[in-house]
Amino acid sequence: MIEENLILILVLLPFIAALLAATLPVNAHNAAAWLSGLSLGAGLLILFVLYPRIGEDEVVRSLVRWLPILSLNLNFRMDGFAWLFSALVLAIGVMIVIYARYYLSKSDPVPRFYSFLMAFTGAMLGTLLSGNILMLIVFWELTSIISFLLIGYWHQNQAARDGARMALIVTAGGGVALTVAMVLLGQIVGGYDLDLVLRSGDLIRAHPLYPLVLGLFLLGAFTKSAQFPFHFWLPGAMAAPTPVSAYLHSATMVKMGVFLLIRFEPAIGGTDLWFWVVTGTGMITLTVGAVFALFRHDLKGLLAYSTISHLGLITALAGMGSSGAIIAAIFHICNHAIFKASLFMAAGIIDHETGTRDMRRLSGLWKAMPFTGALAIVASAAMAGVPLLNGFLSKEMFFAEAVGWHNGNVLDNALPWIAVFASVFSVAYSLRFIMQVFFGPEARDLPKAPHEPPAWMRRPVEFLVLLCLAVGIFPALTLEPVLNIAARSVLGPGLDEIHIAIWHGFNTPLIMSLIAMAAGILLYLLCTDKISAGPEGPPLLYKIRAQKIYEWLLLRLSWVWPRALHKFFGTERLQPQLRMMMLLGIGAALLTVWGNAGLSETRYSNDLNPAFAVMWLVGAACGIGAAWQAKYHRFAALVLLGGAGLITCVTFAWFSAPDLAVTQLVVEIVTTVLLLLGLRWLPKRREEIAYDENTSDRLRRSRDLVIAVFGGLGLATLAYMVMTRPLIPKIGDWFLRNAYYEGGGTNTVNVILVDFRAFDTFGEITVLAIVALTVYALLRRFRPGQESISAPEQQLGYAADHLGNYMLIPAVIMRWMFPVTLVIAAYLFFRGHDLPGGGFSAGVTVAIGLLLQYIASNVRWIEARIVILPIRWMGFGLLIAAATGIGAWLFGYPFLTAHARYIEIPLIGKTPFATAMLFDLGVFLTVVGATVLLLIAIAHQSLRAARLRELEEEKALEQAEQQKEPV
């Protein structure tokens, strides 16, 4: 039980740190760094505590039941592979936190940076530890979203915005494909548990959908790990701050794709298709990345393409699929993260202390920055695969797998040659990184005088470089134990123990390494001058770049083709848009019911109540009158529309649906006021246009009449088919039987909303809050005709002070109604679980009361007396609703499980109480906040628009009077 809680804490801790960091003041740099560093250190401590069980090849699990009926649970699992990857993420994260503290400027919003960084770490840990493949997708996409925020941290920089958008489009697009693949995998194996999927390899490979699943799966993995042809987003992301580049592109985000390949290789690998696609793509990426890296002039650009190349190496190993290849892939993931993070930070130090990353301007820095130079040389040597460094060991294992036999096809036979060719360029660009930056004549035109960075800014680089040496010299004492544990967790407990040694004799892999090193040095010596003077890319391939293809597609998908479609179908007029929506709705309904529905053969004879018939005749007359008056008098049409809504409300009450009647009534009131306020936005009708019965107008109205009649008859027919079918046992009967015994309430409708289907309700109030915030943001930015007002007091203040001028009801009566409205709302809320009412109707009732005060009084008067902050009400409402659901976890029940019992209240006695009432309180607060925010925002804007129109009319009258005066 302790281990289960520790895993849950491990995942939640970074998210908690992110929330706390987001609340810190902008200048709280040290506090944000300490908070982030301590949270990551606590995560490492948790991993240390869990290591004894992981070392025994156990899988530590943590299960929090969420939606068991849909097989959706918060299921976390940690095996050796996940432990090693988590340790890598947290350890590199600590180094990045220390480094960023000295790298970022004091003018930067540093707490926001650390908040994003911690949230990204939490998303990474969630992906690594997910035991449910659908939950894995949630965290997977979360990494794409938060990386977008991190890459675009310097949002004032155009390159940062472009790089962040490019990374999000590519990786999130691949995430959509991966989501479909995971859903299909779950359908094939009969569940979404990760262990079940990993055990079902034979079933998956034999399924007819295997090629489709594999293609979608690889699309998601390749986009995340920047494999060819999706590699172009990674260099564009170099506009991010260097701590972001060092973290995301060495140990975390770009490694998620190869993590997924290795994790799922036992389930969907092992086929010729897997070998050809994965290994082939990996070798192409290895070569393309290495070649392009040599020609990059920007330090981070060179490191970005070298990262692409090394990711291709790991992908190729995952495609080979043998036990040695998987072990080599895991080993190189660790080694690459260590030396690449140190190189990125060294590049950041050079940029920070010289003001540039252009290698054509950098030269001779060894004299000014000897310590940084020594660290960069060791890390670059590890990247090139020099002996006695960690990169040499894993590259030797890669060469050994490349020369091994896999299936004897053309690609298999070409692997050694491709590996050596790419390694030649790897040595060359590593040598260029060192020679052009630290040696040669001293640079004279640098933006800053170069010097060593602060000591603690260099400490993370020193630590990582020491790790390169320690792993390279003493592999058996450093990474070998955890590497064996990780490999067994992927390949099975029967895997033989592996031993990593520095010397394996004078064998083929060593010869390949020596050839690559010698040829790489020669290539650098022969081409260095031409490379420095040329473009940032191979001359033959520079103009044919994947990024140009992406930009060409993006331009057409986001601008050219949508504009062409909009020109053909679109219009800025509201009526054609509504007409198109109605036709699409009618078409979708016809497509759904065509051939699947028919009239019931059974006929039911019910006596028609004359009063009900008269009532519906009145409602129909109101509806027809509203449609007719919409052309001539909008206010009259709105009143008639309200009459039709009132008839609907009475109909619900007539057929014993009081909950629906109450909800319909309060919603009808709010909707009417909303439409009233919206009428002020519409252009004023001129008499000669409003009553002009020309031919085109009659045709338009006739067409709309046909659509309306057809849609109304179709809906009536559908309702008749449903209501005349034979009565059979249905789910409503189950709810009626179990509402009291399972939910503790006699109002079945409310019990369904806040208990049985509370998750749906929680989603609905979340959407309501999002909509309210969106409308508020849009209206806050939109100021209709604001340039027509010259003085500030003529803007909102004027409209607010004259709000009561448009009302016929005395303001004092509307003020007296406020406490009455609150009493009615409380009555509806507290009786909702047993009698008609509930949090939604009570919330709308309170909103009506507040709205009446805004209408009756000027805005300044009411806001000075009734202080309500709608956004906070929505926030607290969502928090209370979520906390009610999470509270069930503390007692071992699924999310949003309610508990009902009788409680003893002094002077009252036993009273029924259910935790669902707390959830209903969250609904109440959210509805109040969202409704008030919507109505107040629209009211303010409507009054502003009305005042602006008055000013324009006054101005027009003045101009007319001036024209009449004699000159």
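Values as computed for the structure displayed
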{"quantity": "Residues of the stretch 199-247 satisfying the condition of being touching a Lys or Arg at 6+ places or on another chain (Cβ under 9 Å) and without any contact (Cβ under 8 Å) to a residue 24 or more places away in the chain", "calculated": "none"}
{"quantity": "Lone unmet requirement of (1) within 28 Å of residue 424 (Cβ to Cβ); (2) hydrophobic (A, V, I, L, M, F, W, C); (3) buried (at least 24 other Cβ atoms within 10 Å of the Cβ) for residue 244", "calculated": "(1)"}
{"quantity": "Neighbours by Cβ (under 7 Å, 6+ apart or cross-chain): first from the stretch 121-141, without any contact (Cβ under 8 Å) to a residue 24 or more places away in the chain and of a type in the set (Gly, Ala, Ser); second surrounded by 24 or more Cβ atoms within 10 Å (Cβ to Cβ) and assigned to a strand (DSSP E or B)", "calculated": "none"}
{"quantity": "Residue within the stretch 853-871 that is of a type in the set (Ser, Thr, Tyr) and modelled with pLDDT of 80 or more present", "calculated": "no"}
{"quantity": "Filtered residues of the stretch 101-130 (kept if within 30 Å of residue 178 (Cβ to Cβ) and aliphatic (A, V, I, L, M))", "calculated": "117, 118, 119, 123, 124, 125, 128, 129"}
{"quantity": "The stretch 345-364 residues that are over 19 Å from residue 379 (Cα atoms), paired with ones that are hydrophobic (A, V, I, L, M, F, W, C) and surrounded by fewer than 21 Cβ atoms within 10 Å (Cβ to Cβ) (beta carbon under 7 Å, 6 or more apart)", "calculated": "354/446; 355/446; 356/446; 361/443; 361/446"}
{"quantity": "The stretch 49-86 - residue that is of a type in the set (Gly, Ala, Ser) and surrounded by fewer than 19 Cβ atoms within 10 Å (Cβ to Cβ) and, of those, farthest from residue 117 (Cα to Cα)", "calculated": "71"}
{"quantity": "Residue identified as in contact with a Gly (Cβ under 8 Å, 6 or more places away or on another chain), surrounded by 14 or more Cβ atoms within 10 Å (Cβ to Cβ) and in the same structural domain as residue 101 (by TED's automatic domain parsing) among 13, 6", "calculated": "13"}
{"quantity": "Some residue of the stretch 89-103 being surrounded by fewer than 21 Cβ atoms within 10 Å (Cβ to Cβ) and of a type in the set (D, E, K, R)", "calculated": "no"}
{"quantity": "Residue tally, condition at pLDDT 85 or above and surrounded by fewer than 20 Cβ atoms within 10 Å (Cβ to Cβ), over the stretch 518-530", "calculated": "7"}
{"quantity": "Qualifying positions in the stretch 315-364 - among the small types (Gly, Ala, Ser) and either under 32 Å from the mean Cα position of the chain (by Cα) or not assigned by TED's automatic domain parsing to the domain that holds residue 435 (or both)", "calculated": "316, 318, 319, 329, 337, 341, 342, 346, 347, 348"}
{"quantity": "Residue 829 of a type outside the set (S, T, N, Q), assigned by TED's automatic domain parsing to the domain that holds residue 771, touching a Phe, Trp or Tyr at 6+ places or on another chain (Cβ under 7 Å) and at pLDDT 85 or above", "calculated": "yes"}
{"quantity": "Selection from the stretch 267-282 of residues that are outside any helix (DSSP H, G or I) and either farther than 23 Å from residue 199 by Cα or more than 32 Å from the chain's Cα centre (by Cα) (or both)", "calculated": "270, 271"}
{"quantity": "Residue in the stretch 531-546 that is among the charged types (D, E, K, R), modelled with pLDDT of 70 or more and either in the same structural domain as residue 234 (by TED's automatic domain parsing) or more than 30 Å from residue 60 (Cα to Cα) (or both) present", "calculated": "no"}
{"quantity": "Any chance residue 403 is touching a residue at least 40 places away in the same chain (Cβ under 8 Å), crowded, with 19+ Cβ neighbours inside 10 Å and in the same structural domain as residue 282 (by TED's automatic domain parsing)", "calculated": "no"}
{"quantity": "Any hit, the stretch 105-122, residues being over 22 Å from residue 20 (Cβ atoms), assigned by TED's automatic domain parsing to the domain that holds residue 184 and either at pLDDT below 95 or among the charged types (D, E, K, R) (or both)", "calculated": "yes"}
{"quantity": "Unique match (being in contact with a Pro (Cβ under 6 Å, 6 or more places away or on another chain) and of a type outside the set (A, V, I, L, M)) among 201, 152, 190, 175", "calculated": "201"}
{"quantity": "Candidates 502, 511, 434 - the one that is surrounded by fewer than 15 Cβ atoms within 10 Å (Cβ to Cβ), β-branched (Val, Ile, Thr) and closer than 18 Å to residue 390 by Cβ", "calculated": "502"}
{"quantity": "Residue within the stretch 287-302 that is within 30 Å of residue 207 (Cα to Cα) and in a helix (DSSP H, G or I) present", "calculated": "no"}
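Every residue, every condition in (1) part of a loop (DSSP other than H, G, I, E, B); (2) modelled with pLDDT of 80 or more; (3) in contact with a Pro (Cβ under 8 Å, 6 or more places away or on another chain); (4) surrounded by 12 or more Cβ atoms within 10 Å (Cβ to Cβ), yes or no:
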residue	(1), (2), (3), (4)
700	no, no, no, yes
705	no, yes, no, no
710	no, yes, no, yes
722	no, no, no, no
728	yes, no, no, no
735	no, yes, no, yes
739	no, yes, no, yes
751	no, yes, no, yes
755	no, yes, no, yes
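The values are calculated or read from the model by the stated rules, or taken from the named source; none is laboratory data. Predicted, not measured: the structure shown is a model, and the values here were computed from it. We place every Cβ from the backbone using ideal geometry, glycine too, and count neighbours over all the protein chains shown.
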